[in-house]
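Shown next, in structure tokens, is the structure this report addresses.
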Amino acid sequence: MRLFPLHILPTIAFSLLLSTLMACSPVEPLAENTDTSDYMTEDPDAALQVSMRHVFAQPDQAMPLLEQLDFAVGRSFFRNAWVQAPATTTARDGLGPLYNANSCGSCHVATGRGLAPLENKPLQHQVVRLSLSLSIGRAVGKAGFIPEPSYGGQLQNQAVPGVRPEGQAFIRYSEVVRTLADGETVKLRKPQLRLLRLGYGEMVSELDTSVRSAAVLTGMGLLEAVPEQLLLQWEDADDADGDGISGRENRVWDIVTQQKKMGRFGWKAEQPSVLQQSAAAFHADMGISSELVTRQNCTLTEVRCQNTENGGTPEIPDKLLERVTLYVANLAVPNSQAVKNDAYIQGEMLFAAAGCQSCHRPVLKTAESHYPWLSNRTIYPYTDLLLHDMGDELADDRPVFSASGREWRTAPLWGIGLAKKVAPQVGFLHDGRARSVLEAILWHGGEAQHSREKVEQMTRNQRHDLLSYIENL
């Protein structure tokens, strides 16, 4: 029998514990409207999809082994279902009373994007944001918008027993056909939102709505560590240089520091940090309070919601919220598998020639981070984290803080090519309408109109090289 020196026994014990946690961590369940047939076949492509299911859920490669224990704990509380209080599972109780999902992984399929909305089916991987229509100069407070009086800032389509859900949201599509310069036609889907089965009366007539799809979460800690001054050097709100690109920051309320900061996360850059983004999602999506967002998500109209027993104050303790935040902040960006051949080089040149990198900035650098291993690194996210006017066709007409109804944060492109390999039914853009990267490009307008037209003028081979390049970022 081999004996280990006493001084390394703690390391061995920790490694065994970590291995057990990683191995026993349950596989994320597919959402209800996921077609599982793609995962139950001997087809090699389907086998690849199975093996790819955890590609967005890996820890950053530089993360120390000791920190990966907390990463595993955070992953467990991200994936597993929360339950109604009171419950014997006190660490996971406090769901609702009104909510959209019972776990983060319910919407972020395999820790990635949400699936595209199905026509005339209740939304599963998207939420609907609500607010009063704003007039110029109207105070929006620390939330960045004025909630709908009876329903609040987000429509909750589920509720615990004894409480009525707020309603159901459905999408109906109309077809938009784009004919490209070489004669190829692309059929786009224009969504129209319908709110039905409202549980608390009619909503106000002056209402802004916005469908928001679950976004991929990789690399968020790295993006948080990019210094503000680096990003603001690209801000050009009045397009002083005349290039047609006028990116600007969204100045939002930071609950921790109690002051305005640059927004980085969310489709309109409405959250300043990974911590606040996580706390806001727990509250709005699952009805779970924290030290950052302490109140229950019930309006004055929702009396039974107000009188339902909660899971304590707060329902997710600081330590657990910190671990979930650590998990989200340290999700590794998958390494590019691109072969840098002639087609890749051609695609890179076309990306630049179309002006895509004016907003999708290829290279950023991090400064000091709360997580030391994320500090002082060169990263390739293809974003400037700024707001840009994307035109009428993508407008939701719902302002948040200083972001207008036509403005969206530049979405990072790193790892985008793996989205369909992880879950073939994922959608792109803020509402999940686009079924492919090409469809997403063809919806671009406003500041990106010129770039879209450049893509439309390309030959079939050029578009292939461009899309292949983007899908290998």
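Screening segment 292-321 for residues that are within 22 Å of Tyr371 (Cα to Cα) and without any contact (Cβ under 8 Å) to a residue 40 or more places away in the chain and picking the one that is most open to solvent (accessible area, probe 1.4 Å) gives Lys319.
Counting only strands (runs of 3 or more DSSP E) that sit completely within segment 194-283, those holding 3 or more residues that are within 18 Å of Gln126 (Cα to Cα) and under 20 Å from the mean Cα position of the chain (by Cα) correspond to 207-213.
Listed conditions (1) more than 30 Å from Gly219 (Cα to Cα); (2) charged (D, E, K, R); (3) at pLDDT below 95; (4) crowded, with 21+ Cβ neighbours inside 10 Å are all met by Arg92, apart from (1). Pairs meeting the criteria (first residue in segment 53-71 and under 20 Å from Arg377 (Cα atoms) and modelled with pLDDT of 95 or more, second residue open to solvent by 50 Å² or more (accessible area, probe 1.4 Å) and outside any strand (DSSP E or B), beta carbons under 7 Å, at least 6 apart or on different chains) are lacking. Is it the case that Leu17 is modelled with pLDDT under 50, over 23 Å from Thr218 (Cα atoms) and either surrounded by 15 or more Cβ atoms within 10 Å (Cβ to Cβ) or not basic (Lys, Arg) (or both)? Criteria met by Leu17. Contact map, segment 376-396: first residue on the phi > 0 side of the Ramachandran plot and at pLDDT 95 or above, second residue open to solvent by less than 30 Å² (accessible area, probe 1.4 Å) and in a helix (DSSP H, G or I), Cβ cut-off under 7 Å, separation 6 or more or different chains; pairs are Leu385/Leu223; Leu385/Leu231.
The values are calculated or read from the model by the stated rules, or taken from the named source; none is laboratory data. These numbers were taken from a predicted model, which means no experiment stands behind them. Using ideal geometry, Cβ is built from the backbone for each residue, glycine included, and neighbour counts are taken over all protein chains shown. SASA here: full protein model, heavy atoms, side chains in, ligands and nucleic acids out. Shrake-Rupley method; radii C 1.70, N 1.55, O 1.52, S 1.80 Å.
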